[in-house]
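The block underneath contains the structure these notes are about, expressed in structure tokens.
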Amino acid sequence: MVYPVIWKDNSVSLIDQTRLPNEYTVVEIHRSEDMAQAITTMIVRGAPAIGVAAAYGMYLGAREIETSDSEVLLQEDRHEFLVKLEQVAKLLRSTRPTAVNLFWAIGRMMQTAYETLGTVAEIKQALLETAKKINAEDLQTCQAIGDHGLAALPKNPEQLIILTHCNAGALATAGYGTALGVVRSAWKEGRLARVYADETRPRLQGAKLTAWECVQEGIPVTVITDNMAAHCMKQGLIDAVVVGADRIAANGDAANKIGTYSLAIVAKAHNIPFFVAAPLSTVDFELIDGSQIPIEERHPQEIYQIGETILTPPGVEFYNPAFDVTPAHLITAIITENGAFPPGDLLNAKNAKISN
Ligand code: MRU
């Protein structure tokens, strides 16, 4: 399995996801500005992976802050340090607006900074520990999501064909994946026949990344273009849809890669179960419904250019929202690390976590 974000030799190693599947390149990140840039340019992408990367980015930023760290100046140093750390947090928060894991992880890092009593050096050490913890927890969470997802999948047929959209795999998390975590668990248990991967225009995360991950694991995979899903469902080729999420509102409305919403509609029309697999860190309980989820708009070049080729004539306008919101009523269940819950039941999912 691949791990897209690794703390190694005092820096962060990121698999450069803009170069897969043709080149496997690892980029070393030493500074918070470079981490912000890596998130913006999608060297690292996928909601949980962005959260893990930002947590390490916070530590890198903390490490860059110079204070005298003398016992005499302790309070002033601490105050100055926290002000500068807030600036690092601001920079990292500005990278991508939709995936709430980014804000969640940065919030957790700031909380560590405020709650750690002691010298600045001790706060920095605590920040590194928290970033490592966020990383390790996400891996465990994904494995739990995979296993709960397997239990929630239809029992018939014995070997399922699962359609997924974008990449919610190991590359999009600390490892294992959310939607692809369910796929991995199903594959291990002999419950999976094949994955259908939507290519996922415009960035092609399905064709490039999901297909690559499946090939690495020996999981049979068929890539289709996004407009083929309804036809495949009508042909009886799909047993279940499993996708990830970037932010889920309290009522279960779920933002995920653009095209997920239409997939949910066609799944409903064909009576095919539609699952969203995501950690509880993706649920934004402050938002009543999905209408308040900020949707990132990206550069039109993603639509009009592939490689060196310009696809459209001059004089055309573009609209490039990176995500859409699938209403809760189209979702069969949301698969979390605490089990699979009906979308309207997310508070129970959260409380199950507290009682664990
Ligand atoms: O723009 P991206 O590639 O960061 O979008 C990723 C997705 O939409 C994923 O499905 C989502 O983040 C879930 S990843 C486990």
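Tabulated results
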item: Only listed residue being over 24 Å from residue 240 (Cα atoms) and either assigned to a loop (DSSP other than H, G, I, E, B) or over 21 Å from the mean Cα position of the chain (by Cα) (or both), chosen from 102, 92, 82; result: 82
item: Residue count, region 177-204 (criterion: in a loop (DSSP other than H, G, I, E, B) and either surrounded by fewer than 24 Cβ atoms within 10 Å (Cβ to Cβ) or among the charged types (D, E, K, R) (or both)); result: 8
item: Hits in region 6-33 - residues which are without any contact (Cβ under 8 Å) to a residue 24 or more places away in the chain and either of a type outside the set (Gly, Ala, Ser) or touching a Ser or Thr at 6+ places or on another chain (Cβ under 9 Å) (or both); result: 6, 8, 9, 10, 19, 22, 23, 24, 25, 26, 27, 28
item: Only one of 164, 200, 210 that is within 15 Å of the ligand (Cβ to nearest atom) and closer than 23 Å to residue 341 by Cα; result: 164
item: Matching residues, region 205-225, being over 11 Å from residue 259 (Cβ atoms), outside any strand (DSSP E or B) and touching an Asp or Glu at 6+ places or on another chain (Cβ under 9 Å); result: 207, 208, 210, 211, 219
item: Qualifying positions in region 2-33 - touching a helix residue (DSSP H, G or I) at 6+ places or on another chain (Cβ under 8 Å) and among the acidic types (Asp, Glu); result: 33
item: Test result for residue 63, over 28 Å from residue 278 (Cα atoms), away from the ligand (no atom under 16 Å from the Cβ) and touching a Lys or Arg at 6+ places or on another chain (Cβ under 7 Å); result: yes
item: Subset tally (residues that are surrounded by fewer than 18 Cβ atoms within 10 Å (Cβ to Cβ) and of a type in the set (A, V, I, L, M, F, W, C)) for region 7-41; result: 3
item: Filter pass, residue 44 being surrounded by 21 or more Cβ atoms within 10 Å (Cβ to Cβ), within 15 Å of the chain's Cα centre (by Cα) and assigned to a loop (DSSP other than H, G, I, E, B); result: yes
item: Residues being surrounded by 20 or more Cβ atoms within 10 Å (Cβ to Cβ) and either over 26 Å from residue 89 (Cα atoms) or within 15 Å of the ligand (Cβ to nearest atom) (or both) - total across region 125-138; result: 3
item: Filter result for residue 151 (closer than 19 Å to residue 87 by Cα and either out of contact with any Cys (no Cβ under 9 Å at 6 or more places or on another chain) or among the aliphatic types (A, V, I, L, M) (or both)); result: no
item: Residue check for residue 146: closer than 21 Å to residue 240 by Cα, within 12 Å of the ligand (Cβ to nearest atom) and in contact (Cβ under 8 Å) with a residue 24 or more places away in the chain; result: yes
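Rule-based calculations on the coordinates, nothing more; no lab input. Quantities reported herein were computed from a predicted structural model and do not represent experimental measurements. As a convention, Cβ positions derive from the backbone with ideal geometry for all residues, glycine included, and neighbour counts pool all protein chains shown.
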